[in-house]
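The values are calculated or read from the model by the stated rules, or taken from the named source; none is laboratory data. As the structure is a prediction and not an experimental result, all values here were calculated from the model. Reconstructed Cβ throughout: ideal geometry from the backbone, glycine too, with neighbour counts over all protein chains shown. In case anyone asks, the SASA skips ligands and DNA or RNA and just uses the protein heavy atoms, side chains included. Shrake-Rupley method; radii C 1.70, N 1.55, O 1.52, S 1.80 Å.
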Amino acid sequence: MIEGPGRVLAIDLGTVRVGLALSDPLRITGQPLGHLPRRALRDDLDALTSVVKDNDVAVIVIGYPLLMSGIAGERADDATAFAARLRAAIPCPIVLWDERLTTVQAERALLEGNVSRKNRRKVVDAAAAALLLQSWLDAQPGE
């Protein structure tokens, strides 16, 4: 576990939206925080910097979209490059975490919850970020 106080922010990078999820202060659970529309990289970094400051974030987990074979493809390379830019803008630990199938799982959960197609588009990115975050939190060693 990365030590120190503060919440964990998960980022599910999409080409249109960035899904966000935030842990509780004890880092036990992750909840959807919403999404940010993708714009220019500088705008994305500024918006994320504000989220970090406003929510006492100490660690950022970025979804690392490996291929099903486990190999890093083009989207994983994009996540790596984004993480590098974010590290230069925000002075906290930034971790890449395997996010295979989180969006599929989020879609499935929303379908099972009878969420309409229109509303699913609004929340699927944050739901995927929450699944990513919970996966990372659950993998951390206990205290």
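For this structure, a couple of remarks:
- Close contacts from the stretch 56-78, counting a first residue that is among the hydroxyl-bearing types (Ser, Thr, Tyr) and a second that is part of a loop (DSSP other than H, G, I, E, B), with Cβ to Cβ under 8 Å and a gap of 6+ residues or different chains, come to TYR64/ALA72; TYR64/GLU99.
- Boolean, ARG87 is open to solvent by 20 Å² or more (accessible area, probe 1.4 Å), in contact with a helix residue (DSSP H, G or I) (Cβ under 9 Å, 6 or more places away or on another chain) and of a type in the set (Lys, Arg): no
- Among (1) open to solvent by less than 20 Å² (accessible area, probe 1.4 Å); (2) modelled with pLDDT of 95 or more, the one test that VAL95 misses: (1)
- Single residue of LEU111, LEU133, LEU137 found to be at pLDDT 70 or above, farther than 17 Å from ALA76 by Cβ and more than 11 Å from the chain's Cα centre (by Cα): LEU137
- Qualifying residues in the stretch 50-71 (those that are small (Gly, Ala, Ser) and closer than 10 Å to ASP98 by Cα) - the one modelled with the highest pLDDT: GLY63
- Set ALA89, ALA79: member being closer than 17 Å to GLY14 by Cα and modelled with pLDDT of 75 or more: ALA79
- Single condition PHE82 does not satisfy, out of (1) more than 19 Å from VAL124 (Cβ to Cβ); (2) touching a strand residue (DSSP E or B) at 6+ places or on another chain (Cβ under 8 Å); (3) open to solvent by less than 20 Å² (accessible area, probe 1.4 Å); (4) free of Cβ contacts under 8 Å to residues at least 60 places away in the same chain: (4)
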